[in-house]
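K.L.:
Supplied in structure tokens, the structure appears directly below.
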Amino acid sequence: MRLIKSSLIMFVLVLCIACTSMPKPRPSAYPSAHTQPRVVAYALSLQGAPYRYGKASPSEGFDCSGFVSHVYARQGIMLPRTAHEMAAILPAIPDHLAQPGDLLFFDSNGTANSHVGIYVEQDRFIHAPSQRTGKVVVSSLKNSYWQKHYQGVRRPLRHR
């Protein structure tokens, strides 16, 4: 009887130790809208805001870098004002490691890193593309224009 009781206690202890050392589940590669970083949620709330060259506020409108710098400033992360300056200071990461909130850079006028947007998920990003578009929109990286002009992804300080 003592042997059975000792074996049972040992089994329970081993089971408890095994359970506490199990790895935590990893988040999905494509977070849902409920788990996206706050930076992405705030950026999406600005969809439709007017495009205005040189501006960086919901009341006046946004250009691409003004939009990105405003969104990150609301999260307490200060970024340079231009897309080119952002690209110069932020670390590049491999495309396949892009996460919601990362910054995507494009050559939209023949100049490296002349346009920037915020990666949302599943090949979508939000940005203030141009006076012609006239507003902040979500676009697809599968669009041939954006594919042709894509330059890479960079990661600001950890976003939540």
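K.L.:
What residue, among those in region 36-45 that are out of contact with any Phe, Trp or Tyr (no Cβ under 7 Å at 6 or more places or on another chain) and more than 9 Å from Val137 (Cα to Cα), is surrounded by the most Cβ atoms within 10 Å (Cβ to Cβ)?
P.N.:
The qualifying residue surrounded by the most Cβ atoms within 10 Å (Cβ to Cβ) is Ala43.
K.L.:
Sticking with this one: In the list Ser130, Ser140, Ser108, which residue meets the criterion of being within 19 Å of His96 (Cβ to Cβ) and among the polar types (S, T, N, Q)?
P.N.:
Ser140
K.L.:
Output the residues belonging to region 43-60 that are without any contact (Cβ under 8 Å) to a residue 24 or more places away in the chain and outside any loop (DSSP other than H, G, I, E, B).
P.N.:
Once the filter is applied, which keeps residues that are without any contact (Cβ under 8 Å) to a residue 24 or more places away in the chain and outside any loop (DSSP other than H, G, I, E, B), region 43-60 yields Ser45, Ser57.
K.L.:
Does Pro100 count as crowded, with 19+ Cβ neighbours inside 10 Å, at pLDDT below 95, under 15 Å from the mean Cα position of the chain (by Cα) and of a type outside the set (Asp, Glu)?
P.N.:
Taking the combined requirement at face value, the residue does not satisfy it.
K.L.:
Let me ask you something else. Name the residue that is nearest to Ser108 (Cα to Cα), counting only residues in region 67-87 that are buried (at least 19 other Cβ atoms within 10 Å of the Cβ) and out of contact with any Ser or Thr (no Cβ under 8 Å at 6 or more places or on another chain).
P.N.:
Ala87
K.L.:
Oh, and also: Out of all the residues in region 68-88, is one or more touching a Pro at 6+ places or on another chain (Cβ under 7 Å), more than 17 Å from Val39 (Cα to Cα) and of a type in the set (A, V, I, L, M)?
P.N.:
Checked region 68-88: no residue is touching a Pro at 6+ places or on another chain (Cβ under 7 Å), more than 17 Å from Val39 (Cα to Cα) and of a type in the set (A, V, I, L, M).
K.L.:
Something else about it: Kindly list the number of the only condition in (1) more than 19 Å from Pro156 (Cβ to Cβ); (2) of a type in the set (S, T, N, Q); (3) at pLDDT below 95 that fails for Gln36.
P.N.:
Going through (1) more than 19 Å from Pro156 (Cβ to Cβ); (2) of a type in the set (S, T, N, Q); (3) at pLDDT below 95 one by one, Gln36 breaks only (1).
Matching residues to (1) under 20 Å from Arg124 (Cβ atoms); (2) more than 14 Å from the chain's Cα centre (by Cα):
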position: His70; (1), (2): yes, yes
position: Ile77; (1), (2): no, no
position: Ile89; (1), (2): no, yes
position: Pro94; (1), (2): yes, no
position: Gly110; (1), (2): no, yes
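K.L.:
For Gln147, only one of the following conditions fails: (1) assigned to a helix (DSSP H, G or I); (2) loosely packed, with under 15 Cβ neighbours inside 10 Å; (3) touching a residue at least 60 places away in the same chain (Cβ under 8 Å); (4) not hydroxyl-bearing (Ser, Thr, Tyr). What is its number?
P.N.:
Among (1) assigned to a helix (DSSP H, G or I); (2) loosely packed, with under 15 Cβ neighbours inside 10 Å; (3) touching a residue at least 60 places away in the same chain (Cβ under 8 Å); (4) not hydroxyl-bearing (Ser, Thr, Tyr), the lone unmet condition for Gln147 is (3).
The values are calculated or read from the model by the stated rules, or taken from the named source; none is laboratory data. For clarity, every value in this text was computed on a predicted model and none was experimentally measured. Methodologically, a virtual Cβ is constructed for each residue, glycine included, from the backbone with ideal geometry; neighbour enumeration extends over all protein chains shown.
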